[in-house]
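Have a look at the structure below before the remarks.
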2 protein chains.
Amino acid sequence: MRDLLAITKALADENRLRALGLLEQRELCLCQLVEVLGLAASTVSRHMTILHQARLVETRKAGRWAYFRLADEEAPAEVHAALAFVRAALHPVKQRKADQAALKLVLKLPPEELCRQQANCKC
Amino acid sequence: MRDLLAITKALADENRLRALGLLEQRELCLCQLVEVLGLAASTVSRHMTILHQARLVETRKAGRWAYFRLADEEAPAEVHAALAFVRAALHPVKQRKADQAALKLVLKLPPEELCRQQANCKC
DNA sequence: TTGTTATTTCGACAAATAACGAAATATAAG
DNA sequence: CTTATATTTCGTTATTTGTCGAAATAACAA
């Protein structure tokens, strides 16, 4: 029950659902998610931790960058089923389409530049 | 997105998942759910309202009794998918098995007597 | 009618959660 | 080594959520 509840709680937040919708496209680093979601980096980091603890998302560190991707085949059955549900339910959602369009633009910039922009934004 | 979020939030509570596990067996009235879940009637009523607003559960009033059952075929696709996910994910869960065993005993009593017992319990 | 009873609504409170910015950590670059 | 930068952790605050009991509602019974 604990595992299942970790999954359903992880799915019970709009911004985490949006993050999953973005990861459908491809693996993303934190600053790319931050750019599209429009939240503080610390907030997005926390969201990704929650998704990771529910095993919905895998994490990979490459130098300074943290990359996130949807859980793969080896994940528990509930995780797989949950991701399939989200994928299908999110498909007709407008917000998801807008997010993926925004992501397309973000992906045109190299991640380094993206982070620099965010740093500038604070000024 | 609002509809999807209503569903995922509705699923993000242990007692509501337990209620769905019980309704898998058959339609139940509030006092039967109260008996198995061991919560105040007002609390269970509130939980059922949340499940109903997410369209996961249908409500039927028969005299003084309120009956609840899982959403049927006519429900939106997300609802159907969510219930299928919960059903599968809940299947191996111990708590679900214990709840269904407890329900079996509760169902041996007529609902009237059950409610009277609960009333007595307050003394 | 009057009383009983099943359920819902309301008000209060405690606990959990999401958000931010600042500080800490870790790694690359100079 | 020192600086810059990407991410995480921490402390705080505002909001949401789960719970209960009391009161209100609705429907049957006497």
Self-check item: Those residues of segment A:48-58 which are near DNA strand D (Cβ under 9 Å from one of its atoms) and either within 16 Å of A:Glu78 (Cβ to Cβ) or within 14 Å of chain B (Cβ to nearest Cβ) (or both), in sequence order
Solution: A:His52
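For every residue, the table says whether it meets (1) within 15 Å of A:Leu107 (Cα to Cα); (2) within 11 Å of DNA strand D (Cβ to nearest atom); (3) free of Cβ contacts under 8 Å to residues at least 24 places away in the same chain.
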residue	(1), (2), (3)
A:Asn15	no, no, no
A:Arg18	no, no, no
A:Arg26	yes, no, no
A:Arg60	no, yes, no
A:Arg64	no, yes, yes
Practice problem: Give the residues of segment B:38-54 that are free of Cβ contacts under 8 Å to residues at least 40 places away in the same chain and either over 30 Å from A:Lys97 (Cα atoms) or in contact with a Pro (Cβ under 7 Å, 6 or more places away or on another chain) (or both), sorted by residue number. | Solution: B:Gly38, B:Leu39, B:Ala40, B:Ser42, B:Thr43, B:Val44, B:Ser45, B:Arg46, B:His47, B:Met48, B:Thr49
Exercise. Could you tell me whether B:Lys97 is among the charged types (D, E, K, R) and modelled with pLDDT of 95 or more?
Key: yes
Exercise. List the number of the failed condition for A:Arg96; all other conditions in (1) more than 9 Å from chain B (Cβ to nearest Cβ); (2) open to solvent by less than 60 Å² (accessible area, probe 1.4 Å) hold.
Key: (1)
Quiz item: in a helix (DSSP H, G or I), out of contact with any Leu (no Cβ under 8 Å at 6 or more places or on another chain), farther than 22 Å from A:Lys108 by Cα and at pLDDT 95 or above, is that true of A:Arg46?
Solution: yes
Quiz prompt | The one condition in (1) more than 13 Å from DNA strand C (Cβ to nearest atom); (2) open to solvent by 60 Å² or more (accessible area, probe 1.4 Å); (3) within 14 Å of chain A (Cβ to nearest Cβ); (4) of a type outside the set (Asp, Glu) that B:Lys9 fails to fulfil | solution = (1)
Self-check item: Test result for B:Val44, open to solvent by less than 40 Å² (accessible area, probe 1.4 Å), closer than 25 Å to B:Lys94 by Cα and within 13 Å of DNA strand C (Cβ to nearest atom)
Solution: yes
Exercise. Evaluate the following for A:Ala66: is it within 13 Å of DNA strand C (Cβ to nearest atom) and in contact with a Ser or Thr (Cβ under 7 Å, 6 or more places away or on another chain)?
Key: yes
Practice problem: Could you tell me whether any residue of segment B:52-63 is open to solvent by 30 Å² or more (accessible area, probe 1.4 Å), near DNA strand C (Cβ under 10 Å from one of its atoms), among the hydrophobic types (A, V, I, L, M, F, W, C) and farther than 21 Å from B:Leu5 by Cβ? | Solution: yes
Quiz item: What residue, among those in segment A:66-80 that are in a loop (DSSP other than H, G, I, E, B) and small (Gly, Ala, Ser), is nearest to DNA strand D (Cβ to nearest atom)?
Solution: A:Ala71
Self-check item: Number of the exception - B:Ala75 against (1) within 23 Å of B:His91 (Cα to Cα); (2) at pLDDT below 95; (3) open to solvent by 40 Å² or more (accessible area, probe 1.4 Å)
Solution: (3)
Self-check item: Selected residue [touching a strand residue (DSSP E or B) at 6+ places or on another chain (Cβ under 9 Å), aliphatic (A, V, I, L, M) and at pLDDT 95 or above] from B:Leu30, B:Leu5, B:Leu37
Solution: B:Leu30
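The values are calculated or read from the model by the stated rules, or taken from the named source; none is laboratory data. Model, not experiment: these values are computed from the prediction. With ideal geometry, Cβ positions are generated from the backbone for all residues, glycine too; neighbour counts draw on all protein chains shown. For the accessible areas, the whole protein counts, side chains as well, though only heavy atoms, and no ligand, DNA or RNA atoms are used. Shrake-Rupley method; radii C 1.70, N 1.55, O 1.52, S 1.80 Å.
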